[in-house]
Amino acid sequence: MEFFQENIHLKEVFVQLVAFLIVFFTLKKFAWKPLLRIIQSRRERFENEWGSIEKTKRDVATLKQDYQTHLQKIEEEARAKMQEALQEGRRVAREIQEKARAESQDSFEKAKTNLEIEVQKARISLRHEIAELSIHVAEKILSEKLDTAKQEKKALEILQELEKKL
Amino acid sequence: MNAADPVIADAVHAAAAAAPPAEELPNFITLLEHLFPKSPMVHFLVRWENIVFSLLILGLISYTALRAARKQGFLPKGVQNVWEIIVEGIEAFVTGILGPKGIEHVPFLGTLFVYILLQNWLGMIPLMKSPTSAWSTTIALALISTVYVQWVGIKEHGFFNYVKHLAGNPVGVLGLVLVPLMLIINLSIEYLAVPLSLSLRLFANVSSEDKLLYKFAELNVMYRGLPFAFQIFANALVLLFSLVQAFVFLLLSTVYISLIMPHEEEHVSHETAQETPH
C-alpha cells in the first residue's frame with residue numbers, strides 16, 4: 001500500500017485526467033475530424049479523377065483503334081483504285097497498240113493495192129507503147145521498100161531499141 | 001563539452017543532495033529549485049513537475065493539430081503534412097484491426113498515442129523530463145483508456161447485454177451459479193488488471209529509460225571518453241523504446257476495443273491478439 005501511496009498522487013492523476021480529456025475533446029472536434037475529413041475527401045477526389053483518367057485513356061484507345069481501321073480501309077481503297085487505274089491504263093495502251101497495228105496494216109494494204117494499181121497502169125501504158133511502137137515500126141517498114149536484109153536489120157534495131165527501153 | 005561539465009556536475013550533485021536519491025537527469029524545474037530553494041513558486045512547480053511537462057506536450061499537440069486542421073489545403077504543407085501523416089497512419093492501423101467501423105475511435109487512440117509518444121521522448125531533451133516516468137501520469141492514461149473501452153462496450157451492446165457479458169453470458173443453472181464468480185473475474189480483469197498492466201508497463205519502461213540515461217550521464221561526468229559512446233547508444237535505445245511503448249499502449253487499447261466490440265470482428269481481434277505477446 002505504501003508503494004501505491006508513494007507513487008500515485010491522486011491530485012496529479014485527477015489533473016492529468018481532466019487535462020487530457022479537455023485536450024482530447026477539443027482535438028476530436030476541431031482537429032481529428034477535420035483532418036480525417038480532408039484526407040477522406042482527398043482520397044475520394046483522387047479516386048474519381050483516377051477513374052476519369054482511366055476512362056479517357058480507354059476512350060482514346062478506342063478512338064485510336066477506330067482511326068487505324070479507318071486508315072487501313074482508306075489505304076485499301078486507294079490501293080484498289082490504283083490497281084484499277086493501272087489496269088485501265090494497260091487496257092488503253094493495249095487498245096492503242098492494237099489500233100495502231102491495225103491502222104498500219106491498213107495503210108500497208110492500201111499502199112500495196114496502190115502499188116499494184118500503179119504496176120497495172122504501167123503495164124497497160126507499156127503495152128500501149130509497145131503497140132504504138134510496133135505500129136510505128138510497121139509503118140516504117142511499110143513506108144520503106146521491102147528489103148529483106150534491110151528489113152531484118154531494121155527490125156533488129158527496133159527490137160534492140162525496145163529492149164533498151166524496157 | 002568542457003564548458004557544460006560544471007553545470008552538469010552541479011546538477012548531479014544537486015540531484016544527489018535531494019532527500020530521496022534522484023534517479024533522473026535534472027530538468028529545468030530541479031535547476032530552479034537548486035537556484036531558488038525558498039521560492040514558493042518554484043516549490044509549486046516542483047510539486048506539479050509532471051503536470052507542467054504534460055501540459056507542455058498537450059499545448060504543443062493542441063497548437064500544431066489545430067493549426068494543421070485550420071489550413072485545410074488540398075496540397076498539405078508543413079504542419080498540416082505532419083499531422084496528416086500521423087492521422088492517416090493511425091487511421092490505417094486502427095481500421096486494420098477494428099475494420100471500417102473503427103474510424104470513430106481514431107481520434108481517441110490517435111491523441112493517446114501522440115501524447116504518450118511525445119511525453120516519452122521529452123525526457124531525451126536536455127532540461128526536460130518524461131512525465132510518463134511517473135505512475136500518476138500513466139495510471140491516469142490507463143484509466144481513461146479503460147473507461148473508454150468499457151464505454152464503447154456499453155454503447156455497442158447496450159447496458160443489459162454489457163452486464164450479461166460481464167456475468168459470462170450465463171446459460172442454464174450452472175451458468176447462473178457461476179455468475180458471481182464470473183462477475184468478480186471479469187470486473188477485476190477489466191477494471192483492475194487492464195489499467196494496472198497498461199500503466200505499470202509504460203511507467204516502468206519510461207522510468208527505467210530515464211534511469212538509464214541518468215546513469216550514463218553520471219558515468220560521463222565521472223569518466224571521460226568511452227561512456228560517451230554508451231550514452232549515444234542509450235539515447236538510440238531510448239528513442240526506439242519510447243516509440244515501442246507508445247505503440248504498445250495504442251495497440252493494446254485498440255485490441256481491447258476490438259475484443260469488446262460485437263462479434264463480427266472477433267476473428268480479426270483474435271488474430272491480432274495472438275500476434276502481440278506483450
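Summary of computed values
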read-out	value
Answer residue from segment A:87-140, given it is within 57 Å of the chain's Cα centre (by Cα) and of a type in the set (Gly, Ala, Ser) and is farthest from A:LYS165 (Cα to Cα) among those	A:GLY89
Number of positions in segment B:32-43 that are surrounded by 12 or more Cβ atoms within 10 Å (Cβ to Cβ) and out of contact with any helix residue (DSSP H, G or I) (no Cβ under 7 Å at 6 or more places or on another chain)	2
Selection status of B:MET41, out of contact with any Gly (no Cβ under 9 Å at 6 or more places or on another chain) and not assigned by TED's automatic domain parsing to the domain that holds B:LYS211	yes
Counted residues, segment B:61-72 - those being surrounded by 14 or more Cβ atoms within 10 Å (Cβ to Cβ) and either more than 7 Å from chain A (Cβ to nearest Cβ) or of a type in the set (Val, Ile, Thr) (or both)	4
Filter result for B:THR276 (at pLDDT 90 or above and of a type in the set (S, T, N, Q))	no
Flag for A:PHE3 being part of a helix (DSSP H, G or I) and at pLDDT 90 or above	no
A:ILE117 being over 30 Å from A:LEU159 (Cβ atoms) and either β-branched (Val, Ile, Thr) or at pLDDT 95 or above (or both)	no
For B:ALA9: the one exception among (1) at pLDDT below 90; (2) in contact with a Leu (Cβ under 6 Å, 6 or more places away or on another chain)	(2)
Residues of segment A:8-45 that turn out to be over 60 Å from the mean Cα position of the chain (by Cα), farther than 17 Å from B:SER54 by Cα and not hydrophobic (A, V, I, L, M, F, W, C), as a count	6
Test set (1) out of contact with any Pro (no Cβ under 8 Å at 6 or more places or on another chain); (2) free of Cβ contacts under 8 Å to residues at least 40 places away in the same chain; (3) farther than 19 Å from A:THR26 by Cβ - B:TRP151 fails condition number	(3)
The one condition in (1) farther than 22 Å from B:LEU141 by Cβ; (2) among the small types (Gly, Ala, Ser); (3) in contact (Cβ under 8 Å) with a residue 24 or more places away in the chain that B:ALA68 fails to fulfil	(3)
Residues (among the aliphatic types (A, V, I, L, M) and at the interface with chain B (Cβ under 9 Å from one of its Cβ atoms)) located in segment A:30-55	A:ALA31, A:LEU35, A:LEU36, A:ILE38, A:ILE39
Residue identified as at pLDDT 90 or above, at the interface with chain B (Cβ under 7 Å from one of its Cβ atoms) and more than 22 Å from B:ARG70 (Cα to Cα) among A:LEU27, A:LEU17, A:LEU63	A:LEU17
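One line per residue, one yes/no per condition, for (1) in contact with an Asp or Glu (Cβ under 8 Å, 6 or more places away or on another chain); (2) within 7 Å of another protein chain (Cβ to nearest Cβ); (3) in a helix (DSSP H, G or I); (4) not aromatic (Phe, Trp, Tyr):
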site	(1), (2), (3), (4)
B:LEU58	no, yes, yes, yes
B:VAL79	no, no, yes, yes
B:GLU88	no, yes, yes, yes
B:PHE93	no, no, yes, no
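Yes/no matrix, rows are residues, columns are (1) more than 12 Å from every other protein chain (Cβ to nearest Cβ); (2) among the aliphatic types (A, V, I, L, M):
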| residue | (1), (2) |
| --- | --- |
| A:PHE3 | no, no |
| A:LEU10 | no, yes |
| A:VAL23 | no, yes |
| A:LEU71 | yes, yes |
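For every residue, the table says whether it meets (1) within 30 Å of B:GLN80 (Cβ to Cβ); (2) surrounded by 10 or more Cβ atoms within 10 Å (Cβ to Cβ); (3) without any contact (Cβ under 8 Å) to a residue 24 or more places away in the chain; (4) of a type in the set (Phe, Trp, Tyr).
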position: A:PHE4; (1), (2), (3), (4): no, no, yes, yes
position: A:VAL23; (1), (2), (3), (4): yes, yes, yes, no
position: A:LEU27; (1), (2), (3), (4): yes, yes, yes, no
position: A:ALA61; (1), (2), (3), (4): no, yes, yes, no
position: A:LYS99; (1), (2), (3), (4): no, yes, yes, no
position: A:ASP106; (1), (2), (3), (4): no, yes, yes, no
position: A:GLU109; (1), (2), (3), (4): no, yes, yes, no
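Per-residue answers, yes or no, for (1) facing another protein chain (nearest Cβ under 10 Å); (2) in contact with a Ser or Thr (Cβ under 7 Å, 6 or more places away or on another chain); (3) under 23 Å from B:THR254 (Cβ atoms):
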site: B:VAL106; (1), (2), (3): yes, no, yes
site: B:ALA134; (1), (2), (3): yes, no, no
site: B:GLY168; (1), (2), (3): no, no, no
site: B:TYR191; (1), (2), (3): no, yes, yes
site: B:LEU196; (1), (2), (3): no, no, yes
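The values are calculated or read from the model by the stated rules, or taken from the named source; none is laboratory data. If you're wondering where the values come from, they're calculated on a predicted model, not measured in any experiment. Using ideal geometry, Cβ is built from the backbone for each residue, glycine included, and neighbour counts are taken over all protein chains shown.
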